[in-house]
Amino acid sequence: MTRSTGIVLFVLLSLFANAQGDQQVRAKADALFDEKAYAEALPLYSQLVSLAPSDRVLNYKFGTCLLFGGTDKDKSIGHLKFATQDPAIPPDAWYWLGRAYHLNYQFKDAQAAYQRYQGTGSKKELEGFPIAALDKQCRNGQNLLSNLKEITVHNKVEVEDSEFFRFYELGDIGGKIVVLPEELKSTLDKKSKRRTLVYLPEKGGAIYFASYGKDGKTGLDIYRTELLSNGTFAVPVKLAGYVNTDQDEDFAFLHPDGRNFYFSSKGHNSMGGYDVFRSAFDKVSETFGPPENLDFAVNTPDDDLFYMTDGENKQACFASGRDSRQGKLHVYRVGTAQMPVVVTVMKGT
């Protein structure tokens with residue numbers, strides 16, 4: 001064998017070995033993607049896209065994973081737009097492009113992408129995503145954009161989503177957050193294996209919690225009970241009036257003043273996932289007034305949960321999926337004072 005032949009053979013073997021390695025990385029990434037472990041698959045697809053930037057399927061999967069990777073959710077739009085230029089791309093790419101626009105407050109573009117997905121996805125595929133609800137959330141978000149506000153963030157920490165309530169600073173709020181006792185769970189609640197959280201006020205009184213109830217036809221609804229003197233709970237009563245919708249409601253908190261009732265809902269005029277709402281409670285009639293969305297000062301197109309304020313209504317704690325990685329939530333400590341935001345939009349090439 002000549003020297004030149006040996007060099008060529010070495011180069012070919014190196015290329016083959018690299019190709020084999022890339023195939024193994026892609027197989028691992030695809031397996032994680034199929035398992036919906038998007039955050040775990042993200043660095044693998046990042047490596048693969050850097051090696052094959054024109055591969056539209058890789059861009060589709062990389063763009064999707066970016067939505068679950070933390071603070072770079074806006075970067076997903078470019079990759080997903082590029083991927084959807086291929087007519088053969090899986091229909092899910094249009095759904096995830098819609099989610100990318102949605103999470104980045106581009107509600108009209110999100111609606112267009114959702115509609116495109118609706119026109120390309122099969123009946124079975126469409127069953128997996130609530131397109132009608134998402135379209136309504138985009139319309140709500142577009143309306144809420146006219147009232148932008150901001151708040152002062154004193155502290156935030158990213159934690160496991162299953163443990164977020166343990167990171168609330170309740171010293172000046174009082175009470176505690178616990179897991180809902182088994183005796184208050186319906187058969188459907190137990191079957192779902194969902195861990196429901198409930199706020200227990202420091203001085204006793206009414207306890208509000210979420211439940212699927214007997215049939216679950218309207219998703220999670222908020223119920224009221226109280227701890228009796230004999231140590232048992234009163235029969236739970238579903239809140240009547242404005243609070244509950246045909247979507248999920250959860251994470252209820254009645255302020256110590258007995259008037260301001262906060263809860264999270266996917267219904268009403270939510271702009272995406274759970275939004276935080278405030279309803280006025282009338283002690284005399286024991287009724288709740290029309291819920292008010294806390295707007296962009298608190299809410300985002302992602303999930304915003306368990307808003308709780310101190311006795312003087314100066315500071316609040318809540319959890320949010322904004323800028324959070326898959327399986328994580330950020331817990332915020334904020335000032336409640338809201339300041340208007342003036343936004344100038346410049347668009348062009």
The one condition in (1) closer than 20 Å to HIS255 by Cα; (2) open to solvent by 30 Å² or more (accessible area, probe 1.4 Å); (3) assigned to a loop (DSSP other than H, G, I, E, B) that ARG278 fails to fulfil: (3)
Residues that are open to solvent by 70 Å² or more (accessible area, probe 1.4 Å), of a type outside the set (S, T, N, Q) and not in a loop (DSSP other than H, G, I, E, B), drawn from the stretch 187-223: LYS190, LYS191
Residue ID - nearest to LEU145 (Cα to Cα), chosen from residues in the stretch 98-122 that are touching a Gly at 6+ places or on another chain (Cβ under 9 Å), of a type in the set (Phe, Trp, Tyr) and open to solvent by less than 60 Å² (accessible area, probe 1.4 Å): PHE107
Single match in LYS81, LYS73 (criterion: open to solvent by less than 50 Å² (accessible area, probe 1.4 Å), touching a helix residue (DSSP H, G or I) at 6+ places or on another chain (Cβ under 8 Å) and either modelled with pLDDT under 95 or at negative phi (or both)): LYS73
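For the stretch 266-306: of the residues being of a type in the set (Ser, Thr, Tyr) and in contact with a Lys or Arg (Cβ under 8 Å, 6 or more places away or on another chain), which is modelled with the highest pLDDT?
Narrowing the stretch 266-306 to residues of a type in the set (Ser, Thr, Tyr): 270, 274, 279, 285, 287, 300.
This time we only want the ones that are in contact with a Lys or Arg (Cβ under 8 Å, 6 or more places away or on another chain), so: 274, 300.
Numbers: TYR274: 97, THR300: 94.
Ranking the qualifying residues of the stretch 266-306, first place goes to TYR274.
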Near pairs, Cβ below 6 angstrom, 6+ apart or cross-chain, from the stretch 135-150 (more than 20 Å from MET339 (Cβ to Cβ)) to any residue that is buried (at least 19 other Cβ atoms within 10 Å of the Cβ) and of a type in the set (Gly, Ala, Ser): GLN137/SER270; GLN137/GLY272; CYS138/ALA110
Where a residue in the stretch 308-324 is closer than 30 Å to LEU66 by Cα and its partner, wherever it lies, is open to solvent by less than 10 Å² (accessible area, probe 1.4 Å) and among the charged types (D, E, K, R), with Cβ under 7 Å and at least six apart: PHE318/ASP304; SER320/ASP304
Residue among GLY267, GLY241, GLY327, GLY258 that alone is out of contact with any Cys (no Cβ under 9 Å at 6 or more places or on another chain), on the phi < 0 side of the Ramachandran plot and in contact (Cβ under 8 Å) with a residue 12 or more places away in the chain: GLY267
Pairs, first farther than 21 Å from ALA316 by Cα in the stretch 274-292, second of a type in the set (Val, Ile, Thr) and surrounded by 20 or more Cβ atoms within 10 Å (Cβ to Cβ), C-beta under 8 Å, six or more apart: PHE288/VAL243
Residue among TYR60, TYR45 that is outside any loop (DSSP other than H, G, I, E, B), hydroxyl-bearing (Ser, Thr, Tyr) and under 13 Å from ASP92 (Cβ atoms): TYR60
Condition check for PHE165: aromatic (Phe, Trp, Tyr), assigned to a helix (DSSP H, G or I) and open to solvent by less than 30 Å² (accessible area, probe 1.4 Å): yes
Residue pairs meeting the criteria (Cβ under 7 Å; at least 6 apart or on separate chains; first loosely packed, with under 13 Cβ neighbours inside 10 Å, in the stretch 169-181; second at pLDDT below 95 and basic (Lys, Arg)): VAL179/ARG195
The stretch 234-275: number of residues that are of a type in the set (Lys, Arg) and open to solvent by less than 30 Å² (accessible area, probe 1.4 Å): 0
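Given the residues GLU158, GLU125, which is the only one that is of a type in the set (D, E, K, R), surrounded by fewer than 19 Cβ atoms within 10 Å (Cβ to Cβ) and modelled with pLDDT of 95 or more? Outline the logic, then answer.
On the way: GLU125 fails: modelled with pLDDT of 95 or more.
Every option except GLU158 fails the conditions.
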Yes/no for PHE306 being in a strand (DSSP E or B) and open to solvent by 20 Å² or more (accessible area, probe 1.4 Å): no
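The values are calculated or read from the model by the stated rules, or taken from the named source; none is laboratory data. None of these values were measured; they are calculated from a predicted model. Positions of Cβ are backbone-derived with ideal geometry, glycine not excepted, and every protein chain shown enters the neighbour counts. Note: accessible area is taken over every heavy atom of the protein model, side chains too, but ligands, DNA and RNA are not part of it. Shrake-Rupley method; radii C 1.70, N 1.55, O 1.52, S 1.80 Å.
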